[in-house]
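These notes concern the structure reproduced below.
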Amino acid sequence: MKIAIMGAMPEEVEPIVSQLDNLKKTVYAANTYYEGSYKGQEVVVAYSKIGKVFATLTATILIEKFNCDTLLFSGVAGAISDDLKIGDLIIADGLCQHDLDITAFGHPYGFVPEGEVCIPTDVSLRNIAKEVASNKGLTLKEGVIATGDQFVANAERKDWIGDTFKAAALEMEGASVAVVCSALDIPFFILRAISDSADMDASFNFDEFLESSAKISANFILSMVAAIQAE
Ligand code: ADE
């Protein structure tokens, strides 16, 4: 097994890269990929840069060039659900694209022909996460995560995304990873720690909590890698 670990921003992957042994750095397609091992498990780590297009590129390269056969995403998200607070962890049971809109042709939001509105994540990886959380005494929320090429800092937009997709959190990369991994038949897992509430305070909260929330998510992902390795 070779595990891809992806984030969108340097802050999301640095706490992971800094824990790897036998680090090898490769620059490819204008991005840096870190091959190494964690507790004996082979991993390849990269941050994509923000947004759906860069995330699609990086996920594809991790799978097709670096031959990863499982993908774990670590990062931060804006909360939609009122019971998600800054620093809380949420795992996606499915991902949708809130900014994908061909409703003019009678299709639902988030849908294009031959696609699906919500792409489910791998159940076994979710179960491993729940076991890790229970061993650590941590609470893990689970729900739909909505992705779009927008930093949402508006309560009205956030509520619309929540109502339309029954989403609990939102971010800017997860659904891209879902599209790539489901097309290539790669089990994948999306974890986010809350950095803000996607409302008028979002940009200030994001700046304040990006680093601490990214670390919470990264530490959990490393525990998952160890649990997968121990299986
Ligand atoms: N990631 C973290 N917070 C976010 C927000 N408010 N909008 C989009 N992506 C985010």
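The values are calculated or read from the model by the stated rules, or taken from the named source; none is laboratory data. Computed from a predicted model, the values in this text were never measured in an experiment. Cβ coordinates were reconstructed from backbone atoms using ideal geometry, including for glycine residues, and neighbour counts include every protein chain displayed. The protein model used for the area step is the full one, side chains on, heavy atoms only, and it has no ligands, DNA or RNA in it. Shrake-Rupley method; radii C 1.70, N 1.55, O 1.52, S 1.80 Å.
Quick one: in the stretch 8-33, which of the residues that are under 22 Å from Ala175 (Cα atoms) and of a type in the set (D, E, K, R) is least open to solvent (accessible area, probe 1.4 Å)? Looking at the filtered set, the residue picked out is Glu12.
On inspection, Glu171 fails the criterion of being over 16 Å from the mean Cα position of the chain (by Cα) and either under 20 Å from Pro108 (Cα atoms) or of a type outside the set (Gly, Ala, Ser) (or both).
Restricting attention to the stretch 146-170, the residues that are more than 10 Å from the ligand (Cβ to nearest atom) and either of a type in the set (A, V, I, L, M, F, W, C) or crowded, with 16+ Cβ neighbours inside 10 Å (or both) add up to 6.
Annotation: of all residues in the stretch 201-231 being within 10 Å of the ligand (Cβ to nearest atom), open to solvent by 10 Å² or more (accessible area, probe 1.4 Å) and of a type in the set (S, T, N, Q), the one that is farthest from Phe151 (Cα to Cα) is Asn205. Beta carbons closer than 6 Å, at least 6 apart along the sequence or on distinct chains, pair a first residue in the stretch 139-157 that is among the β-branched types (Val, Ile, Thr) with a second that is within 9 Å of the ligand (Cβ to nearest atom) and not in a strand (DSSP E or B) for Val152/Lys158; Val152/Ala198.
In the stretch 130-140, is there at least one residue being open to solvent by less than 30 Å² (accessible area, probe 1.4 Å) and more than 12 Å from the ligand (Cβ to nearest atom)? Within the stretch 130-140, one or more residues are open to solvent by less than 30 Å² (accessible area, probe 1.4 Å) and more than 12 Å from the ligand (Cβ to nearest atom). Residue pairs whose Cβ atoms lie under 7 Å apart, separated by 6 or more positions or on different chains, with the first residue in the stretch 28-50 and touching a residue at least 60 places away in the same chain (Cβ under 8 Å) and the second among the hydroxyl-bearing types (Ser, Thr, Tyr) and in a strand (DSSP E or B), are Val43/Ser37. Close Cβ contacts (under 8 Å, 6 or more residues apart or on different chains) running from residues in the stretch 179-200 that are open to solvent by 20 Å² or more (accessible area, probe 1.4 Å) to residues that are of a type in the set (S, T, N, Q) and more than 10 Å from the ligand (Cβ to nearest atom) comprise Val179/Thr56; Leu184/Thr60; Ile186/Thr70; Pro187/Thr70; Pro187/Ser124. Would you confirm, using the coordinates I've provided, whether Ile102 is in contact with a Leu (Cβ under 7 Å, 6 or more places away or on another chain) and open to solvent by 10 Å² or more (accessible area, probe 1.4 Å)? So Ile102 does not fit the description; no. If you check Pro120, Pro108 for being open to solvent by 20 Å² or more (accessible area, probe 1.4 Å) and farther than 29 Å from Gln229 by Cβ, only one passes: Pro108.
For first residues located in the stretch 85-109 and closer than 20 Å to Pro187 by Cβ, partners that are in a loop (DSSP other than H, G, I, E, B) and lie 6+ apart or on another chain with Cβ distances below 6 Å form the pairs Ala92/Thr121; Gly94/Cys118; Cys96/Gly110; Cys96/Val117; Cys96/Cys118.
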